[in-house]
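The values are calculated or read from the model by the stated rules, or taken from the named source; none is laboratory data. Quantities reported herein were computed from a predicted structural model and do not represent experimental measurements. Quick reminder, even Gly has a Cβ in these numbers, built from the backbone with ideal geometry, and neighbours come from all protein chains shown. The area values use the complete protein model at the heavy-atom level, side chains included, leaving out ligands, DNA and RNA. Shrake-Rupley method; radii C 1.70, N 1.55, O 1.52, S 1.80 Å.
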Amino acid sequence: MTTKMAINAKDIFRNQHRLIRFIEKSIRLCSNQSLKAAQQQHQQKSSADFQITASVDTQYASGAPEPIKHDKDLGHQFRASQLSVRLAAPEQLHAKPDNDEELGFGRLFTDHMLKIYYHKSLGGWQKPEITPLENLVMHPAAKVLHYAVELFEGMKAYRGVDGKIRIFRPDMNMNRMNLAAQRSGLPTFEGPEFVKCLSRLLSIDSEWVPHTDTASLYIRPTLIGIDPTLGVASSDSALLYTILSPVGSYFKTGSSGAVSLLADPSYVRAWPGGVGNRKMGSNYAPTINVQKEAAARGLQQVLWLYGENHQLTEVGTMNIFMFYVNDQGEQELVTPPLSGLILPGITRDSILRMTRQWGKFKVSEATITMPQVCELLNQGRLLELFGAGTACVVSPVNRINYLGQDLYIPTMEQEKPVHELIRDTLTDIQYGKVDHPWSVVID
């Protein structure tokens with residue numbers, strides 16, 4: 001084989017997955033007109049009461065977080081203009097899933113990753129780089145390994161009906177990540193610059209974004225302390241990195257599509273003054289054994305309670321919502337307030353802003369207790385209970401095991417469930433079926 005033939009064969013091997021995707025895309029484009037017609041018909045049939053368009057009241061749609069104030073001795077920041085790229089060689093490329101419809105969660109990873117080091121001794125943040133997906137090398141005394149000096153975020157990239165790739169409210173994730181960094185003694189960063197770096201990573205691994213509206217590409221930004229010293233202290237060296245994973249459904253639900261919950265007041269996820277409102281790995285490891293106990297009882301997730309009155313805080317890794325008829329006879333959507341016990345979810349914030357704009361029922365943030373849930377259920381006033389988060393979007397609840405008793409929630413029995421309207425509206429925005437300022441297109 002000549003040198004020229006070897007080079008050509010290498011190029012073919014490197015790009016064969018792109019050819020396959022191009023053929024698949026061409027086939028989809030053949031039916032594009034019928035797809036658009038079906039979408040228009042679906043929108044016409046939808047209730048006008050809940051129609052969301054690009055014309056959104058700014059008081060509900062914006063919600064842009066305040067800029068983060070960095071420590072004075074942090075050093076210099078990284079810039080997306082400094083980004084370098086080292087592409088994976090043909091032998092480093094991973095096989096892509098054959099069927100996007102059968103993806104699990106977090107088992108497969110794309111070909112590349114983003115890495116940005118921080119070293120105070122070198123003046124601050126170093127230049128960002130995109131590399132082939134590879135193992136991390138660190139000293140055995142690294143702070144992340146001993147004191148859980150670590151935090152992460154959960155985001156998704158969606159392939160829209162128009163073929164464009166979108167991410168959902170990334171500024172909110174950046175703000176939440178920086179707030180967790182401040183609480184952890186880790187260096188903060190400029191969110192918009194990091195989003196630009198993420199966008200470049202997504203464009204490189206764009207063929208990994210599933211070609212369906214039932215799956216997406218999960219984005220996992222992570223920040224860890226890597227100082228090679230023992231001792232509980234702020235990190236003078238850190239690594240901010242991101243990996244990508246094509247994902248399908250997060251939860252295994254019952255045949256109805258709803259989840260069942262264990263509500264055991266003897267277990268607590270968070271407490272006042274703690275870090276239940278920050279996305280740190282140390283919040284999740286202690287929940288694994290309780291999740292195993294729920295599974296042993298034939299339940300899918302844990303409903304976390306707090307206090308003597310058994311306040312509802314979170315469900316699994318989601319925020320919790322209740323739709324019910326209040327004492328005044330009004331329909332009301334309520335979720336626990338941001339009191340420090342729960343994560344300030346981006347999906348949670350989006351649901352609150354969106355439903356308040358609808359103006360079709362009362363929307364509030366208030367404490368929910370298990371005795372209240374039991375009373376509403378007995379009186380026939382509890383209509384729906386559902387969780388909400390990036391991984392699952394909206395997950396209905398149909399059963400709670402509480403103090404040894406099964407409580408059956410009529411979430412799936414409603415003629416026009418509110419949780420379905422919320423889920424459909426959010427996913428329409430995320431997959432580009434509806435133009436909306438929350439959905440950011442990746443160039």
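Observations
- In this view, the solvent-accessible surface of His146, computed with a 1.4 Å probe and all protein chains in place, comes to about 90 Å².
- Cα gyration tensor category, rounded, prolate or oblate, for the range 371-417 with a/c compared to 1.5: oblate
- Only aspartates and glutamates eight or more places from Lys143 in sequence, or on another chain, were considered; those with a Cα closer than 13 Å are Asp227, Asp236.
- Classified by the C-alpha gyration tensor, the range 57-167 has an oblate form. Its axis ratio a/c, with a ≥ b ≥ c, is 1.5 or above, and a/b does not exceed b/c.
- The largest accessible area among Ser235, Ser81 belongs to the first residue in Ser81, Ser235, and the rest follow in falling order (1.4 Å probe, all chains).
- For the set Glu66, Glu153, solvent exposure ranked by accessible area (probe 1.4 Å, protein chains only) runs largest to smallest as Glu66, Glu153.
- Set the Cα radius of gyration of the range 60-121 against 2.2 N^0.38 Å, with N its number of residues, and you get 1.79.
- Label-point separation, Tyr408 to Ala366 (7 Å along Cα→Cβ), nm: 2.8 nm
- Restraint check, Lys72/Lys164; Lys115/Lys279; Lys292/Lys360, Cα-Cα greater than 29 Å: Lys72/Lys164; Lys292/Lys360
- Ranking of Arg166, Arg381, Arg200 by solvent-accessible surface, largest first: Arg200, Arg381, Arg166 (1.4 Å probe, protein heavy atoms only, all chains present).
- Net charge of Cβ neighbours under 13 Å - reference Val334; Lys, Arg +1; Asp, Glu -1: -1
- Range of Cα positions in the range 138-179 per principal axis (Å), largest first: 48, 22, 10
- Net +/- balance of residues flanking Ser184 in space, Cβ distance below 12 Å, scoring K and R +1, D and E -1: +3
- Gyration tensor (alpha-carbon) shape descriptor, the range 169-235, a/c threshold 1.5: prolate
- Set of aspartates and glutamates near Lys416 by C-alpha distance (under 13 Å), chain-local residues within fewer than 8 positions excluded: Asp49, Glu384, Asp424
- If the segment from Gln82 to Glu415 were pulled out straight at 0.36 nm per residue, it would be longer than the present Cα-Cα gap by 114.5 nm.
- Translational D in µm²/s for the range 254-441 (Stokes-Einstein at 25 °C, 0.890 mPa s, Kirkwood Rh from C-alpha pairs): 145 µm²/s
- With all protein chains modelled, accessible area of Cys197 [1.4 Å, Å²]: 0 Å²
- Taking N as its residue count, the alpha carbon Rg of the range 102-231 over 2.2 N^0.38 Å: 1.14
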